[in-house]
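Data block below; observations after.
What follows is calculated from the coordinates using simple rules that are stated; it is not laboratory data. These numbers were taken from a predicted model, which means no experiment stands behind them. Quick reminder, even Gly has a Cβ in these numbers, built from the backbone with ideal geometry, and neighbours come from all protein chains shown.
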């Protein structure tokens, strides 16, 4: 079984993020970068399927030269090959444009299964995976926690609302978007890191793929959330105040 895993490089979640001049995106200078966490879980699921059933895991990512670092990391963890779509204008492409770019690179591979993360940690749109499925003409499912290979295809476990789960069976080829937390991420071993240096990491430019799609969605401005503090005094007896507090925690804070 050939599995393609699309991964994205995002700012490290502990990085100090500053808004760039002009307010349209973050300042990318001096940032630390990492694999998008839901994509890391998609990669782990692919590696587990390979270990159980054999086959090949190919990682694909689009972006500037620095993206090669996360592809090498994925190869060190156990992926067999990597494909780097070199694009210095990825930020100017919306989810449709990125999906078209990925599809052009993935289609010649003729995979049995395509995995992506549910959403990216930087934009959080949750659209690229499902648009990619549509462009590739593949059946798809989202919010996947676990994948089990069957004789007819795959059986997947989906996370629904309020602690509910759903199990469905799907034919192959298919595309699935993975939720974080469904598996335990592995670390690359020293042997894996050494082995990654000899594995195939092919590069192809966005221009070579011939994908030039005008964006239908543009990001006009971003801003840091405003810090706000407020105090409310709950009147009445202790019992009445406790009742009012519980109600506010449910309906306003939504933590209960």
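Among the residues of segment 77-93, how many are surrounded by fewer than 20 Cβ atoms within 10 Å (Cβ to Cβ) and either touching a residue at least 60 places away in the same chain (Cβ under 8 Å) or within 18 Å of the chain's Cα centre (by Cα) (or both)? Working first, answer last.
Pass one, segment 77-93, residues surrounded by fewer than 20 Cβ atoms within 10 Å (Cβ to Cβ): 80-81, 86, 88-92.
Subsequent filtering for residues that are either touching a residue at least 60 places away in the same chain (Cβ under 8 Å) or within 18 Å of the chain's Cα centre (by Cα) (or both) retains 80-81, 86, 89-92.
Total meeting the criteria: 7.
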> When you scan segment 215-255, how many residues do you find that are touching a helix residue (DSSP H, G or I) at 6+ places or on another chain (Cβ under 9 Å), farther than 29 Å from residue 82 by Cβ and either surrounded by 10 or more Cβ atoms within 10 Å (Cβ to Cβ) or touching a residue at least 24 places away in the same chain (Cβ under 8 Å) (or both)?
Replying inline: 4
> Is there a residue in segment 28-40 that is in contact (Cβ under 8 Å) with a residue 40 or more places away in the chain and surrounded by fewer than 14 Cβ atoms within 10 Å (Cβ to Cβ)?
Replying inline: no
> Filtering segment 94-105 down to residues that are touching a residue at least 60 places away in the same chain (Cβ under 8 Å) and surrounded by 22 or more Cβ atoms within 10 Å (Cβ to Cβ), which residue is nearest to the chain's Cα centre (by Cα)?
Replying inline: 102
> Restricting segment 117-157 to residues that are more than 18 Å from the chain's Cα centre (by Cα) and at positive phi, which is surrounded by the most Cβ atoms within 10 Å (Cβ to Cβ)?
Replying inline: 153
>> Go through segment 158-205 and report how many residues are out of contact with any helix residue (DSSP H, G or I) (no Cβ under 9 Å at 6 or more places or on another chain), assigned to a helix (DSSP H, G or I) and surrounded by 11 or more Cβ atoms within 10 Å (Cβ to Cβ).
In response: 0
> Across segment 25-50, what is the total count of residues that are more than 18 Å from residue 119 (Cα to Cα) and in a strand (DSSP E or B)?
Replying inline: 1
